[in-house]
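Taking it in order: structure first as structure tokens, then the write-up.
The values are calculated or read from the model by the stated rules, or taken from the named source; none is laboratory data. The structure displayed is predicted, hence computed values, not measured ones. FYI the Cβ positions are ideal-geometry reconstructions off the backbone, even for glycines, and counts take in every protein chain you see. For the accessible areas, the whole protein counts, side chains as well, though only heavy atoms, and no ligand, DNA or RNA atoms are used. Shrake-Rupley method; radii C 1.70, N 1.55, O 1.52, S 1.80 Å.
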There are 2 protein chains.
Amino acid sequence: MEKDIRTLGRRAKDASRLCAKLGTEEKNRGLLAVAEELCSRSAYLLEENEKDLKAAEEKGVKQSLIDRLRLTEQRIADMAEGLRQVAALEDPIGEVLSMKTRPNGLRIGKRRVPLGVAGIIYESRPNVTADAFGLCFKTGNAVILRGGSDAIHSNLAIVSVIKDGLKKAELPQDAILLVEDTSRKTVGEMMKLHEFIDVLIPRGGAGLIANVVENSTVPVIETGTGNCHIFVDASADINMAVDIIENAKTQRMGVCNACESLVIHAEAAKAALPRIVERLKSHQVEIRGDERARELVPGIVPASEEDWGTEYLDAVISVKIVDSIDEAIAHINRYNTGHSESIITKDYDHALKFQDEVDAAAVYVNASTRFTDGFEFGFGAEIGISTQKLHARGPMGLEALTSTKYIIFGSGQIRE
Amino acid sequence: MEKDIRTLGRRAKDASRLCAKLGTEEKNRGLLAVAEELCSRSAYLLEENEKDLKAAEEKGVKQSLIDRLRLTEQRIADMAEGLRQVAALEDPIGEVLSMKTRPNGLRIGKRRVPLGVAGIIYESRPNVTADAFGLCFKTGNAVILRGGSDAIHSNLAIVSVIKDGLKKAELPQDAILLVEDTSRKTVGEMMKLHEFIDVLIPRGGAGLIANVVENSTVPVIETGTGNCHIFVDASADINMAVDIIENAKTQRMGVCNACESLVIHAEAAKAALPRIVERLKSHQVEIRGDERARELVPGIVPASEEDWGTEYLDAVISVKIVDSIDEAIAHINRYNTGHSESIITKDYDHALKFQDEVDAAAVYVNASTRFTDGFEFGFGAEIGISTQKLHARGPMGLEALTSTKYIIFGSGQIRE
């Protein structure tokens, strides 16, 4: 198997050389051909998906996961539409970001190029298969996908349909490769393929991501975990605070940009906290607070030290009362995961201070953390949300899948 | 020790929060104060350096390494001058790279911010200590340095003098921290400090770099190894080719952007190879070639498969004869290390094809590979040359030590 996954790596590397040479029109033609193929083969995709659903039901997998695994005509149409949207985006490859002439006459330019081979390790949602392919193909990269065992029949079917689409468009079918063995071992092997894979993007739960960060020799872009805070400052508009907190916590509970923790200035707490608690309780959210919060409002359960660092992804939120913006920022910088943080304030200096000093991918003033998303930011697509500082930070669009190279035009220059 | 290095990590993280808040004037004031302190304390630095030199001589370290280890009044003045030059560079921190207003009124900007804590693992040259500090401090980062045991007295002295300079300027002394234990173990421990260190940059030989790439859980920027090629195309100006090859191979043999391998088109070889060999032999360079090269010119020794992949860093070069530019590009993409590659040609299409298809940080037409360098590229300084594709590629100036964050100005927006 070690040998097989290396073979896969080598095939991807070879394909990446071909993909890098494709022009924008060829790549768009490929994306549209694949979209067409997905739609026309939906009966086959549903049939294969049914095998995964049946196996999951037999294993007693919980209903919410089965829902994520399920393909429908609509979801297949959405995958195809996603590819068409990516085709419509501007191609970042080939752009010369800057070009200067040096005193010795050398013209030195910096050109955007593909990364080469991207590896994506993900869990049960089969739509990621088509989405990841689309973004990688548009940026001239080959992609090796390693999905979860629960979705293996769906993923095999989607990949074979994508390959058929590429074949019809006379484009390299190895632009997409799937690791067919979904045993744990293949994740480990894929993480060591730095000879062939240029970047590894894990998409899934905190356990998967930690495993990849700890063990990969391939450069990793860490995505996803979001212990996001909202700080209600002393001067906050309380109506706005209540609406934003409701939205950030309850609009979708299980996502990384949902709010998991409130920090409230003592001067605002007396007026704001009862209303916040009331609104959240109307959505059955459990509130865990420090002693001061619990003194102010009944029905708040005690928060432990562990709560401050927990991404619940569920109907739970923690509340801490502070005496200053400095205390709020220190708390947030200690416990956050570098995802999205928001301050609700009318104070100009506090707004700027919060944006300056909070260390996170996205720092908001007077808005919901739920906007941290490639589509909401106007990128048109998203391969994930980076919570690390190297290469890409925050929602990653097409540019995150590119590198640069220096191109130098000389006329015989040698170094003195 | 594990505990101690974690303490160091935490101190660096705390210091990085303070450094990130410093304005450009404060940072420049610090750099100038440190430059001043280095100059005025040169007697102390030379005294401590003498201990390292003596120990190295007793250990029988070879003269070239002792030369790299040696500090002189001039080298100390150069370190100080380097810091003054960094002070004069534009501060990249705080620049808003783009800002857009979304349809919902959210103003989303992307701002350049420090990375946080940089870790540098390096070998014997003590000037790296001051250079790395300067670049990290200018970009608002704290830095943890782990130098080699051969230079420990010099590094301790330089770091203490830098801290004294920072103290006089009333700036955070923990902006620079040195791992004082130079046992092998501390390299391993430092590589696991992803909780505190945001990027690790190894500077040294291939063994050190491979060790860090294979074992670090901190994101790494791979630097340095350069198996650089020059391709002499059929249409090359032979005089130009000979001059460029001489320069790229012999101007400085032990550096990463020196040429290690020639690829020559068969149509050019008959006229070009004898002259290239003659010129290189005048510099006592050993030439290792394939059979066709050896048939053309006497005095070429046989090249083995291993030679194609070897970065000699010495007076040796390999030569391969090819029948087409495609064969040349395939050979280069198979054996290069992604550093610097050059084509000598008069053919317009071949020049563009080579730049398009060769996969390396810097791809030259009609120029020496020796120009791949932060100063030669006009960056004013360099922290190393990245041979990976993520985050930074090629010579890294101040920008490579920065990240970005999204700053979002709202007025109560919630997600629908």
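Select the strands (runs of 3 or more DSSP E) contained entirely in the stretch A:146-235, then report the ones holding at least 3 residues which are over 20 Å from residue B:215 (Cα atoms) and within 14 Å of chain B (Cβ to nearest Cβ).
So the answer is A:228-232.
Report, by residue number, each residue of the stretch B:331-360 that is over 25 Å from residue B:274 (Cβ atoms), open to solvent by 20 Å² or more (accessible area, probe 1.4 Å) and of a type outside the set (S, T, N, Q).
Of everything in the stretch B:331-360, those that are over 25 Å from residue B:274 (Cβ atoms), open to solvent by 20 Å² or more (accessible area, probe 1.4 Å) and of a type outside the set (S, T, N, Q) turn out to be B:334, B:348, B:349, B:352, B:353, B:356, B:357, B:359.
Determine if the stretch A:301-309 includes at least one residue that is more than 9 Å from every other protein chain (Cβ to nearest Cβ), crowded, with 23+ Cβ neighbours inside 10 Å and among the hydrophobic types (A, V, I, L, M, F, W, C).
Within the stretch A:301-309, not a single residue is more than 9 Å from every other protein chain (Cβ to nearest Cβ), crowded, with 23+ Cβ neighbours inside 10 Å and among the hydrophobic types (A, V, I, L, M, F, W, C).
For the stretch A:84-95, state whether one or more residues are small (Gly, Ala, Ser) and crowded, with 19+ Cβ neighbours inside 10 Å.
There is at least one residue in the stretch A:84-95 that is small (Gly, Ala, Ser) and crowded, with 19+ Cβ neighbours inside 10 Å.
Is the stretch A:42-59 home to any residue that is over 20 Å from residue A:115 (Cβ atoms), open to solvent by 70 Å² or more (accessible area, probe 1.4 Å) and in contact with an Asp or Glu (Cβ under 9 Å, 6 or more places away or on another chain)?
Within the stretch A:42-59, one or more residues are over 20 Å from residue A:115 (Cβ atoms), open to solvent by 70 Å² or more (accessible area, probe 1.4 Å) and in contact with an Asp or Glu (Cβ under 9 Å, 6 or more places away or on another chain).
Among B:134, B:109, B:116, B:94, which is more than 30 Å from residue B:412 (Cα to Cα), of a type outside the set (S, T, N, Q) and within 14 Å of chain A (Cβ to nearest Cβ)? First the steps, then the outcome.
Details: B:134 fails: within 14 Å of chain A (Cβ to nearest Cβ); B:109 fails: more than 30 Å from residue B:412 (Cα to Cα); B:94 fails: more than 30 Å from residue B:412 (Cα to Cα).
Exactly one of B:134, B:109, B:116, B:94 is more than 30 Å from residue B:412 (Cα to Cα), of a type outside the set (S, T, N, Q) and within 14 Å of chain A (Cβ to nearest Cβ), namely B:116.
Go through the stretch B:334-408 and tell me which strands (runs of 3 or more DSSP E), entirely inside it, have 2 or more residues that are facing chain A (nearest Cβ under 10 Å) and without any contact (Cβ under 8 Å) to a residue 24 or more places away in the chain.
B:362-367
Go through the stretch B:37-69 and report how many residues are closer than 18 Å to residue B:161 by Cβ and at pLDDT below 95.
Summing the residues that are closer than 18 Å to residue B:161 by Cβ and at pLDDT below 95 in the stretch B:37-69 gives 1.
Among (1) within 14 Å of another protein chain (Cβ to nearest Cβ); (2) outside any strand (DSSP E or B); (3) surrounded by 23 or more Cβ atoms within 10 Å (Cβ to Cβ), there is one condition residue A:328 misses while meeting the rest; what is its number?
(1)
Out of (1) within 14 Å of another protein chain (Cβ to nearest Cβ); (2) touching a residue at least 40 places away in the same chain (Cβ under 8 Å); (3) over 23 Å from residue B:79 (Cα atoms); (4) open to solvent by 10 Å² or more (accessible area, probe 1.4 Å), what's the single condition that is false for residue B:256?
With respect to (1) within 14 Å of another protein chain (Cβ to nearest Cβ); (2) touching a residue at least 40 places away in the same chain (Cβ under 8 Å); (3) over 23 Å from residue B:79 (Cα atoms); (4) open to solvent by 10 Å² or more (accessible area, probe 1.4 Å), residue B:256 is out only on (3).
Run down B:381, B:392 and say which single residue is farther than 15 Å from residue B:262 by Cα, crowded, with 21+ Cβ neighbours inside 10 Å, under 15 Å from the mean Cα position of the chain (by Cα) and of a type in the set (A, V, I, L, M, F, W, C).
None of the others qualify; the one that does is B:392.
If I ask for residues that are more than 21 Å from the chain's Cα centre (by Cα) and surrounded by 14 or more Cβ atoms within 10 Å (Cβ to Cβ), which ones from the stretch B:189-218 would you list?
B:189, B:192, B:193, B:194, B:196
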